[in-house]
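Participant: Here you go, one structure.
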Amino acid sequence: RMRGQDNKVIVITGDGELNEGTVWESLLVASAHKVNNLTLVVDRNHFQANVATEDLIPLEPLAPKFEAFGCEVRRIDGHDFKALEESFSALPFSDTKPSVIICDTVRGRGLPSIEARADRWFCNFSADEVEELLRELHSQVATTLTSETLTVR
């Protein structure tokens with residue numbers, strides 16, 4: 001903007017990263033300078049690594065927090081491609097505020113054996129289990145996983 005350009009800047013973040021002060025400080029600065037070409041897309045899957053965000057540091061109600069930091073907010077189903085397209089087509093949401101799109105998602109969606117499960121995220125799956133997961137993904141038939149090995153990074 002300082003160079004007279006009208007580029008759009010889109011930042012994609014997970015909801016667990018919202019525990020970092022730099023996210024909120026950046027939004028305060030962007031809001032103070034009316035940076036309407038900035039969009040923050042939040043993957044709201046309710047997990048930070050292998051812990052539920054609400055058990056670690058509760059984030060809800062999330063949209064009012066962004067509004068309090070001077071942003072214009074839309075909350076959508078992050079798995080709905082039409083809703084995503086409509087939101088991105090409507091950018092910026094305001095002439096004087098950064099935009100935020102909160103995308104409600106389910107981690108591991110489409111794989112019922114690991115969907116929304118913290119205990120199935122940082123796991124070492126055997127080659128056979130990977131094959132079962134691929135079959136599950138393509139056929140929608142739930143698999144039975146026996147691995148309980150968590151790898152916390």
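Participant: Measure off 7 Å from each Cα along the Cα-to-Cβ vector at residue 65 and residue 134, then give the distance between these two points in nanometres to one decimal.
Facilitator: Each label point is offset 7 Å from its Cα along the Cβ direction, giving 3.9 nm.
Participant: Next question. If I compute solvent accessible area with a 1.4 Å probe over the protein chains, what percent of it on the stretch 18-70 is carbon and sulfur?
Facilitator: So the carbon and sulfur contribution to the accessible surface is 60 percent.
Participant: If you don't mind, another one. Could you list the residues of the stretch 94-136 with an amide nitrogen less than 16 Å from a label point located 7 Å from the Cα of residue 13 in the Cα-to-C-beta direction?
Facilitator: 98-104
Participant: State the extension gain, in nm to one decimal, for the chain segment bounded by residue 22 and residue 6, taking 0.36 nm per residue of separation less the distance between their alpha-carbons.
Facilitator: 3.3 nm
Participant: Do you know the relative contact order of the stretch 1-92, to the nearest whole percent, from alpha carbon pairs under 8 angstrom that are 6+ apart?
Facilitator: Taking the mean separation of contacting Cα pairs over the length of the stretch 1-92, I get 29 percent.
Participant: List the lysines whose alpha-carbon lies under 24 Å from that of residue 65, not counting same-chain residues fewer than 8 positions away?
Facilitator: Answer for residue 65, where 24 Å is the Cα cut-off: 8, 34, 97, listed by chain and number.
Participant: To the nearest 20 Debye, how big is the dipole of the chain about its Cα centre, given +1 on the beta carbon of each Lys and Arg and -1 on that of each Asp and Glu?
Facilitator: With Lys and Arg at +1 and Asp and Glu at -1, about 680 debye.
Participant: Here's a follow-up. What accessible area per residue, rounded to a whole number of Å², is obtained for the chain using a probe radius of 1.4 Å?
Facilitator: Here the residues of the chain average 60 Å² of exposed surface.
Participant: Can you give me the C-alpha center-to-center distance between the stretch 80-136 and the stretch 31-57, rounded to a whole angstrom?
Facilitator: 14
Participant: If you take every DSSP beta bridge fully contained in the chain, what fraction is antiparallel? Give it as a percent rounded to 5.
Facilitator: Around 15 percent antiparallel, to the nearest 5.
Participant: From the list [x] 24, 20, 14; [y] 32, 17, 13; [z] 35, 17, 13, can you say which value of semi-axes √(5λ) of the Cα gyration tensor in Å was derived from the structure given?
Facilitator: [z]
The values are calculated or read from the model by the stated rules, or taken from the named source; none is laboratory data. Predicted model only: the values in this text are computed from it and were never measured. Virtual Cβ from ideal backbone geometry, glycine too; neighbours counted across all protein chains shown. Only protein heavy atoms, including side chains, enter the accessible area calculation; ligands, DNA and RNA are left aside. Shrake-Rupley method; radii C 1.70, N 1.55, O 1.52, S 1.80 Å.
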